[in-house]
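Heads up: the structure comes next, in structure tokens.
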Amino acid sequence: MPVGVIARYRAHLPIGPSTPEVDLSEGSTPLIRSRNIGRALGLRHLYFKYEGLNPTGSFKDRGMVVAVARALESGSKVFMCASTGNTSASMAAYAARTGARAIVVVPSGAGRAQGSQPQIAMNKLSQALMYGAKVIALRGNFDFALETVRDLTSHYPVALMNSVNPARIEGQKTAAFEIVDALGDAPDYVVLPVGNAGNITAYWKGFREYHAAGKATRLPRMVGAQAEGAAPIVDGAPVADPKTVASAIRIGNPASWEGATSARDESGGTIAAVTDTEILSAQIRLAGSEGLFAEPASAAPLALLIRLVRDGKVEKEAVTVVVLTGSGLKDPDVALKNVEPPVELDGDARTLAKVLKL
Ligand code: AN7
């Protein structure tokens, strides 16, 4: 098996003979069949695309490797992005690997006291810093950070690595290819979180291209999940102060808004909002009954699927793929708030057995 998405899907990517070879062995993530949630919901063919197994722990590596290869090809040596965390971790890793300079702008929250922390998950921040990126916590939310980075990169010789960079979308579409390659055809439903809306745009592009190439006989319905406090596409208007526990998708004005609504409308799908309570309960259910630990944003699509099944909107025989976009290890703080802390015990095997009711 070729290593990395460029080697595996080169013929479908904007990669030429002079594009430098870059990889961290990203992509080729498992499509894991549900053992318990599918049965409980009455769905016979439920799968999870486990993107947390990418080298930096999220799907972002697929698009980043292509964007980095293209940026290097055009002579760029400084990369920049605004990020809710995962894009920054990914960009910093590929910059480290290729000897480029990485500059990351993360939201630090609006109107907060000096010394406030970046409003991204701690382990994503630790990744960007460990990979050697310069991290700026810019006062304001993600949307302002992206606006600022777009402004700066249009005036300085710095490559913009957000998903407004078309190479990012090209790389991310390979996840759709992998799903078709694994199932032998496109599924009936693909359910995924929507933040800046690059990924739903990329999946839809991937499914359409594979269909046009004769590799799939049909197209899936695209189902997007937003968090209720950060649901601009569902509301039909930007959200000035987006709020949700799922910091990855705390985005009020998605850059690929139109890509998302096209994917939804052309595929006959839907984009709907779920509450933080639904997200956290889906996250625990996924970990506790499937052995799959995904970050809160990645649990949003399962939360939405549970609701759609309850409302009778998904046929029992449908082949459904839920995309788990990022690893649960990214955001331990949110996870630990929702589980019982360890029991502290001073005792021997006998007292331990008693406490455990063995
Ligand atoms: C785990 O890292 O926007 O709709 O700056 O990290 O393509 O934005 C992350 C987004 C879903 C939403 N799941 O994808 C960033 C960033 C996870 C994510 C999304 C993100 P898009």
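Taking the range 111-227 as the region of interest, the strands (runs of 3 or more DSSP E) fully inside it that hold 1 or more residues being without any contact (Cβ under 8 Å) to a residue 60 or more places away in the chain and away from the ligand (no atom under 12 Å from the Cβ) are 134-138, 221-227. Consider Tyr50 carefully, then state whether it is of a type outside the set (Asp, Glu), open to solvent by 10 Å² or more (accessible area, probe 1.4 Å), touching a residue at least 60 places away in the same chain (Cβ under 8 Å) and within 30 Å of Pro220 (Cβ to Cβ). When the stated conditions are applied, Tyr50 passes them. Can Ser88 be described as among the polar types (S, T, N, Q), surrounded by 21 or more Cβ atoms within 10 Å (Cβ to Cβ) and without any contact (Cβ under 8 Å) to a residue 60 or more places away in the chain? Yes; evaluated as a whole, the condition is true for this residue.
If the condition is being within 26 Å of Gly236 (Cα to Cα), within 13 Å of the ligand (Cβ to nearest atom) and open to solvent by 40 Å² or more (accessible area, probe 1.4 Å), then the range 259-297 contributes only Arg264.
Kindly indicate whether Ser126 is open to solvent by less than 10 Å² (accessible area, probe 1.4 Å), within 22 Å of the chain's Cα centre (by Cα) and among the small types (Gly, Ala, Ser). So Ser126 fails the test. Comparison of Ala102, Ala89 shows that the only residue that is part of a helix (DSSP H, G or I), at pLDDT 95 or above and out of contact with any Cys (no Cβ under 7 Å at 6 or more places or on another chain) is Ala89.
Does at least one position in the range 247-254 carry a residue that is more than 14 Å from the ligand (Cβ to nearest atom) and open to solvent by 40 Å² or more (accessible area, probe 1.4 Å)? Checked the range 247-254: no residue is more than 14 Å from the ligand (Cβ to nearest atom) and open to solvent by 40 Å² or more (accessible area, probe 1.4 Å). Pairs linking a residue in the range 13-25 that is under 17 Å from Asn54 (Cβ atoms) to a residue that is at pLDDT below 95, with Cβ atoms under 7 Å and 6 or more positions apart or on different chains, are Asp23/Val3; Ser25/Val3.
Can you tell me which residue in the range 3-30 is farthest from Phe177 (Cα to Cα), limited to those that are open to solvent by less than 40 Å² (accessible area, probe 1.4 Å) and not in a loop (DSSP other than H, G, I, E, B)? Looking at the filtered set, the residue picked out is Ile6. Among the residues making up the range 298-331, those that are outside any helix (DSSP H, G or I), touching an Asp or Glu at 6+ places or on another chain (Cβ under 8 Å) and within 16 Å of the ligand (Cβ to nearest atom) are Val323, Leu324, Thr325, Gly326, Ser327, Asp331. Scanning the range 240-278 for residues that are within 18 Å of the chain's Cα centre (by Cα), under 19 Å from Arg150 (Cβ atoms) and part of a helix (DSSP H, G or I) gives Trp257, Gly259, Ala260. Quick one: would you say Ala335 is small (Gly, Ala, Ser), open to solvent by less than 80 Å² (accessible area, probe 1.4 Å) and under 13 Å from Phe48 (Cα atoms)? Considered against the rule, which asks whether it is small (Gly, Ala, Ser), open to solvent by less than 80 Å² (accessible area, probe 1.4 Å) and under 13 Å from Phe48 (Cα atoms), Ala335 comes out as no.
The values are calculated or read from the model by the stated rules, or taken from the named source; none is laboratory data. These figures come from a predicted structure and were not determined experimentally. A quick note on method: Cβ atoms are made from the backbone with ideal geometry, for glycine too, and the neighbour counts reach across all protein chains shown. These area figures cover heavy atoms from the full protein model, side chains too; ligands, DNA and RNA do not enter into them. Shrake-Rupley method; radii C 1.70, N 1.55, O 1.52, S 1.80 Å.
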